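Please treat every number below as a calculation from the coordinates, not as lab data. Quick caveat, the model's predicted, so the values are computed rather than measured. Positions of Cβ are generated from backbone atoms using ideal geometry, with glycine treated the same way; all protein chains shown enter the neighbour counts.
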Amino acid sequence: MAKDLSPVEKAKFVAAKQASRMIEDGMRVGLGTGSTAEWLVRCIGEMVRDEGLAIRAVPTSRRTADLARELGIEVVTLEEAGWLDLTIDGADEVDGALNLIKGGGAALLHEKIVATASDRMVVIADATKRVETLGAFPLPVEIIPFGWQATKVLVEETLVGLDVLGREVELRMKDGEAVRTDEGNHILDLHLNRIGNARQLGLALNQIAGVVENGLFVDICDALVIGHGDGRVESY
Ligand code: 5RP
């Protein structure tokens with residue numbers, strides 16, 4: 001599965017492989033979204049096929065659900081699972097306190113719901129995702145399409161006076177159209193460069209009418225597995 005990988009793909013694979021060993025028979029497991037989470041789903045698929053691992057999985061996006069089903073993993077809804085033992089997901093940035101920026105793949109809403117409905121959330125990432133301070137990666141914010149321009153103005157106004165370095169806000173586009181999340185919403189990307197107080201910013205953003213959820217995960221992640229291009233893995 002992992003032959004001839006570039007260093008960054010190898011780093012993602014080894015992190016995913018290591019985290020997959022935390023999964024035990026009978027567990028209800030949240031599956032993240034993105035290229036690192038895809039490696040995890042492939043590792044789990046192998047465990048199901050070769051070792052008879054039996055889990056019930058709750059995916060955080062349609063694309064993760066499609067891949068999991070294709071690989072023979074039992075997929076259930078969060079309602080059916082009720083609660084999860086473990087969620088394993090990627091991240092766009094992770095700081096020393098295990099606070100995260102997520103949502104580069106536009107799945108932050110389901111990712112946050114699934115992670116917070118789990119006993120434990122483990123993040124898997126290549127070493128480039130580790131940062132001293134969050135904010136170099138643009139912060140995704142999921143918003144309702146109705147009145148999105150007004151929501152954008154309110155987000156820009158909210159950033160004034162908060163501990164951030166940049167304040168540019170843009171609607172995420174793909175192929176000339178505003179991106180739609182699995183819930184049919186849009187994404188604003190906030191170019192903040194440096195986030196001084198992630199908890200304060202997250203709370204302020206979620207008070208704005210039209211904002212559904214933001215991509216700051218504060219005090220949600222319990223453990224971090226970092227992969228390196230030479231195959232080394234570090235756990236925190
Ligand atoms: C999707 C996410 C992903 O976890 C994040 O974008 C990292 O993706 P990748 O593993 O491809 O770097 O938050 O919404």
How much of the DSSP beta bridge set in the chain is antiparallel, as a percent to the nearest 5? 55
Take every DSSP beta bridge with both residues inside the range 1-118 and express the antiparallel ones as a percent of the total, to the nearest 5. 15
Starting from the Cα gyration tensor of the range 1-129, take the square roots of the eigenvalues, sort them a ≥ b ≥ c, and report rounded, prolate or oblate (rounded when a/c is under 1.5, otherwise prolate if a/b is larger than b/c, else oblate). oblate
What residues have an amide H closer than 5 Å to that of residue 143, excluding those fewer than 5 places away on the same chain, when H is modeled at 1.01 Å from N in the peptide plane? 186, 187, 188, 212
What is the calculated FRET efficiency for residue 54 to residue 83, with r their C-beta to C-beta distance and R₀ = 22 Å, to the nearest 0.05? 0.80
Compute a Gaussian network model of the chain, connecting alpha carbons closer than 10 Å, and tell me which residue from 99, 197, 185 fluctuates the most. 197
Pairs of lysines in the chain (C-alpha under 26 Å apart; 8 or more residues apart or interchain): 21
Whole-Hz Karplus couplings 3J(HN,Hα) for the range 172-188, θ = phi - 60° and coefficients 6.51, -1.76, 1.60, Gly and Pro as x, run 6, 10, 8, 6, x, 10, 5, 4, 10, 7, 4, 8, x, 8, 9, 10, 9
Residue-normalised 222 nm signal for the chain, counting each DSSP H run of n ≥ 4 as -39,500 (n - 2.57), nearest 500 deg cm²/dmol, is -9000 deg cm²/dmol
With label points built 7 Å along Cα→Cβ from the Cα atoms of residue 132 and residue 120, find their separation and express it in nm. 3.2
Taking amide H positions as placed in the peptide plane 1.01 Å from N, state which residues far from residue 93 in sequence (5 or more) or on other chains have amide H under 5 Å from it. 101
At what distance in angstrom do the alpha carbon centres of the range 99-133 and the range 185-234 lie from each other? 7
